[in-house]
Amino acid sequence: MIGGGIAGVSIAFELAAHRRVTLLEAESSLAIHSTGRSAATYLPGHGGPQVRVLINASRPRFARLAEELGAPALLCPRPVLWAAFDDHGEQKLRADLAEQAHEPDAAVELSPEEAIARCPVLRRGMLRVAAVTETACDLDAMALHQAYVRGLRQRGGCVRVATPVTGLAPVSGGWRVHCGSDGVLHTADVVDAAGAWADLIAGLAGVPALGLRPLRRTIVVARVPDPGRLRTPSGGALPMVVEARERWYFKAEGNNLLLSPGDETTVEPGDVRPDPLDVALALERVEAVTGLGLRSVQSSWAGLRSFVADRAPVVGAWPQHPGFHFFAGQGGSGIESAPALAALGAAIVIGGSPPPDIPLNPATLAPNRVHDFLGDV
Ligand SMILES: Cc1cc2nc3c(=O)[nH]c(=O)nc-3n(C[C@H](O)[C@H](O)[C@H](O)COP(=O)(O)OP(=O)(O)OC[C@H]3O[C@@H](n4cnc5c(N)ncnc54)[C@H](O)[C@@H]3O)c2cc1C
């Protein structure tokens, strides 16, 4: 297993029920890249069709994992309000509502008055269309990650940090893996769960790339001059608010506000930092619709959301390169979809049947499909 973010540890845990697993992580600690930088939200209705199926199938699995692995509750309810303020946003939100009307946990349209009653910080007179996903939650991403690591070790898996994979060579019966300063491992199967670096790992193995694009996204925690405004008049918590085209989102974090400008800047894989312009844009966009007086930044960070062109994850091997399995392209949903995706991914790697509670055809996640759009990436 290459990569110790949520992708690597979750599928490693599932595979360890069937195989001996060694997880190799380049950094000296796990989960310091995308996984440690998320907005920690579980949001039904987020993403394309395959991702939505995975998010929905993950919900009962979060509870089972917490129980099995002795983790605290991983999901804590916080509804999400989708909000459209212009023509484009209105079209997008109406299209999403129509497309997802019959899906589990679908968002329900609210009148602008109802939406503002749920979230009084939104300025009156600007909101055009709104909807609410009542079943959205905050997600304890670090507790989930740690639970998977614990479970992996309980199943006999081995985790090696500060052990970058530097070379991969096909040999009879599998792969020779060069890692760390001078380590060599032999394995029948390699799983490439290296997040934004997944195509670089494929390159080391002489396996065709997926055309994965790492996109930088920024998060800002801003001070709110009057934190009392972060509760409803009756003292209730505000929902998270997401602009219909994800041009920004915000949610209260204690007396502060966590916000993002919804940026998607193509960058090279790496330890990305926020661009001050994106920080300013986040404040400007959320200030425009709330008037909360957002000026002062408590902290900010950026991370990578990596996608192939159709924005569905990639799970499995190219037919010409059996034994080299991708587990990549989780984009902006790698944590909220992790329990189901890991269970499905493990079934694909060992050649088993997909779990019955995950109604997805593995072919829709296979690398082969990226042939159709590689030219567009
Ligand atoms: C700002 C932001 C907000 C987000 N919000 C959410 C959210 O609310 N909900 C949600 O579900 N998702 C969210 N996401 C997406 C989520 O964080 C990602 O989908 C997920 O973390 C990807 O996990 P990963 O394990 O693939 O990648 P990573 O966590 O980046 O892990 C990949 C690992 O591979 C390692 N690696 C790379 N090269 C090598 C090598 N040669 N040898 C060994 N190891 C190597 C890296 O060091 C890294 O630790 C967000 C992402 C961002 C950036």
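Each reported figure results from applying straightforward, stated rules to the coordinates on display, with no laboratory input. Computed from a prediction, not measured in an experiment: that's the story for all the values here. So basically every Cβ, Gly included, is an ideal-geometry build from the backbone, and we count neighbours across all protein chains shown.
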Within a Gaussian network of the chain (alpha carbon springs, distance under 10 Å), most fluctuating of GLN330, GLN298, GLN50: GLN298
Give the dimensionless ratio obtained when the Cα radius of gyration of the range 304-351 is divided by 2.2 N^0.38 Å. 1.15
Neighbour-count ranking for ILE116, ILE201 (other C-beta within 10 angstrom, fewest to most) reads ILE116, ILE201
Taking the Cβ of each residue in HIS88, HIS145 as the centre, tally the other Cβ atoms inside 10 Å and list the residues starting with the fewest. HIS88, HIS145
Got the relative contact order for the chain handy, in percent, Cα pairs under 8 Å and 6 or more residues apart? 23 percent
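Can you bin the range 1-123 into rounded, prolate or oblate? Criterion: square roots of the alpha carbon gyration tensor eigenvalues sorted a ≥ b ≥ c, rounded for a/c under 1.5, prolate for a/b above b/c, oblate for the rest.
Prolate, because a/c is 1.5 or more and a/b exceeds b/c.
Can you order the peptides 118-131, 12-25 by their average number of other Cβ atoms within 10 Å per residue, highest first? Mind showing how you got there, number by number?
Details: 118-131: 17.6, 12-25: 21.6.
Taking the mean over residues of other Cβ atoms within 10 Å, the ranking is 12-25, 118-131.
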I need the semi-axes of the equivalent ellipsoid of the range 218-367: take the C-alpha gyration tensor, multiply each eigenvalue by 5, square-root it, list largest first in whole angstrom. 38, 19, 11
Please work out the Cα center distance from the range 166-244 to the range 116-161, rounded to the nearest Å. 16 Å
Where the centre of each part is set by its Cα atoms, how far does the range 335-372 sit from the range 50-82, in angstrom? 18 Å
From the phi of every residue in the range 232-246, what ³J(HN,Hα) in whole Hz does the Karplus formula 6.51 cos²θ - 1.76 cosθ + 1.60 yield, where θ is phi - 60° and glycine or proline is x? 6, x, 8, x, x, 7, 6, x, 6, 10, 10, 5, 4, 9, 6
Among beta bridges that DSSP assigns inside the chain, antiparallel share in %, nearest 5: 80 percent
To the nearest 20 Debye, how big is the dipole of the chain about its Cα centre, given +1 on the beta carbon of each Lys and Arg and -1 on that of each Asp and Glu? 620 debye
Ranked from fewest to most other Cβ atoms within 10 Å of their own Cβ, TRP248, TRP82, TRP175, TRP301 fall in the order TRP301, TRP175, TRP248, TRP82
Under the Debye formula (equal points on every Cα, no solvent term), log10 I(q)/I(0) of the chain at q = 0.06, 0.08 Å⁻¹: -0.23, -0.41
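With +1 on each Lys and Arg Cβ and -1 on each Asp and Glu Cβ, how big is the dipole of the range 243-368 about its Cα centre, in debye rounded to the nearest 20?
120 debye
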Size of the dipole of the range 1-85 about the Cα centre, Lys and Arg at +1 and Asp and Glu at -1 on the beta carbon, nothing else charged, in debye to 20? 240 debye
